1. Could the peptides 234-240, 148-154 be put in order, highest first, of the mean number of other beta-carbon atoms found within 10 Å of their residues?
2. What percent do you get for the relative contact order of the chain when only Cα pairs under 8 Å and 6+ apart count?
3. Starting from the Cα-Cα distance between Ser12 and Ala313, subtract it from 0.36 nm times their residue separation and give me the gain in nm to one decimal.
4. So, R0 is 25 Å and r is the distance between the beta-carbons of Val256 and Ala284; what FRET efficiency does that work out to, to 0.05?
5. Hey, rough spin-label estimate for Arg165 and Glu243, points 7 angstrom out along Cα→Cβ, what's it come to in nanometres?
6. Where Rh denotes the Kirkwood radius from the mean inverse Cα pair distance, what is Rg over Rh for region 77-133?
7. List, in order, the whole-Hz ³J(HN,Hα) value for each residue of region 200-214 obtained from phi through the Karplus relation with A = 6.51, B = -1.76, C = 1.60 and θ = phi - 60°; use x for Gly and Pro.
8. Measure nothing fancy, just the Cα-based angle from helix 13-24's long axis to the longest principal axis of the chain, in degrees from 0 to 90, nearest 10.
Amino acid sequence: MSQSTTRRLPDSPEGIAVAAQIWADGGLVAMPTETVYGLGADARNDTAVARIYAAKGRPAFNPLIVHVPDLAAAEAYCVFNDDARRLADAFWPGALTLVLPLRTGSGVSKLVTAGLETLAVRVPDHPLARDALRAFGGPIAAPSANPSGRISPTTADHVLAGLDRRIDAVIDGGPCPVGVESTIVRCVGQPALLRAGGIPVEALAPCLGQALEQGTDPDMPQAPGQLASHYAPQGTVRLNVTEPEPDEVLLGFGPVPAALNLSPSGDLVEAASQLFACLHALDAMGAKRIAVSPIPQTGLGLAINDRLRRAAADRPT
Ligand code: TXA
Ligand code: MG
């Protein structure tokens with residue numbers, strides 16, 4: 001479906017009602033969550049879900065995360081074990097996605113699960129997202145609202161920069177507070193971390209009473225290089241740089257002289273919230289060669305470094 005224009009809907013009961021109606025009609029509406037903007041469609045409607053892939057230009061049918069307003073709604077679509085319940089109690093609503101066995105007769109489109117027997121589900125901690133989900137009254141499949149391989153959006157302007165005319169609407173809820181995608185944990189047998197994200201991994205083990213296994217990263221390719229440049233800005237990216245070359249634009253972290261700084265005070269939470277906005281800003285500046293300050297491998301630093309490594313991955317020009 002090619003749209004003539006993409007509507008920018010206000011953060012208001014009227015805006016939410018329009019979004020819910022577009023979803024009910026099988027259309028695409030991007031919505032803010034606390035992590036990044038998601039490109040939402042009715043998860044039970046094959047055509048609507050297919051439009052997500054088309055709008056993003058996704059090279060493959062990666063499975064999508066289903067968003068629901070609360071735990072009770074999540075239980076309609078998948079089966080919770082004790083680990084999953086503990087994590088949901090501790091971190092929902094929030095930046096945690098659980099991969100769980102799909103419930104028989106859930107009605108979720110196979111395009112959402114990519115034919116898997118499991119479903120990724122999340123209760124977002126953003127008032128606007130939860131109001132929109134309640135108004136719609138069904139499950140919303142939503143990958144990050146960016147063209148495939150580009151930077152995840154943390155403002156409505158980012159969404160429109162990538163997807164204008166390819167989606168029906170975006171609800172403008174301002175910048176996303178967390179700024180990196182959710183942490184993904186699979187709770188089928190031994191709990192396993194699939195993606196580092198907005199909930200620091202260190203917070204998960206105490207809640208489970210055991211360490212997490214390292215699962216296969218869902219975004220990491222079976223064939224090397226395939227999806228490695230997932231988060232790429234236009235310029236090349238060099239990591240862990242303390243002395244940038246004269247022709248490099250420095251993306252700083254901590255007290256360094258830099259054109260752009262993720263967090264001058266060295267705060268990883270602030271850095272995560274600024275990450276994608278800074279990568280977008282580097283694109284807007286036309287930065288050809290980007291150098292990035294070292295970022296510690298703790299807490300949200302894991303997710304930030306993971307995204308930056310992908311941004312730095314070799315890719316076709
Ligand atoms: O914060 C977020 O998670 C954002 C917001 C919009 O909620 N969404 C997001 O979606 O990042 P997306 O599609 O960009 O990433 C979803 C990830 C993919 O890496 C996908 O492979 C994984 O979730 N995934 C989805 N279903 C899965 C499943 N059944 N098993 C394993 N991985 C799954
Ligand atoms: Mg994404």
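No lab work stands behind these numbers, since they all come straight from the coordinates. The shown structure was predicted, so the numbers you read here are calculated from the model rather than taken from an experiment. Methodologically, a virtual Cβ is constructed for each residue, glycine included, from the backbone with ideal geometry; neighbour enumeration extends over all protein chains shown.
1. For the peptides 234-240, 148-154, the packing ranking is 148-154, 234-240.
2. Taking the mean separation of contacting Cα pairs over the length of the chain, I get 20 percent.
3. 104.3 nm
4. E(calc), rounded to 0.05, equals 0.75.
5. Those two pseudo-labels are separated by 4.8 nm.
6. Reported Rg/Rh (Cα atoms, Kirkwood Rh): 0.99.
7. For region 200-214, the Karplus curve yields x, 4, 4, 7, 7, 4, x, 5, 8, x, 7, 6, 8, 6, 8 Hz.
8. Rounded to the nearest ten degrees, it is 70.
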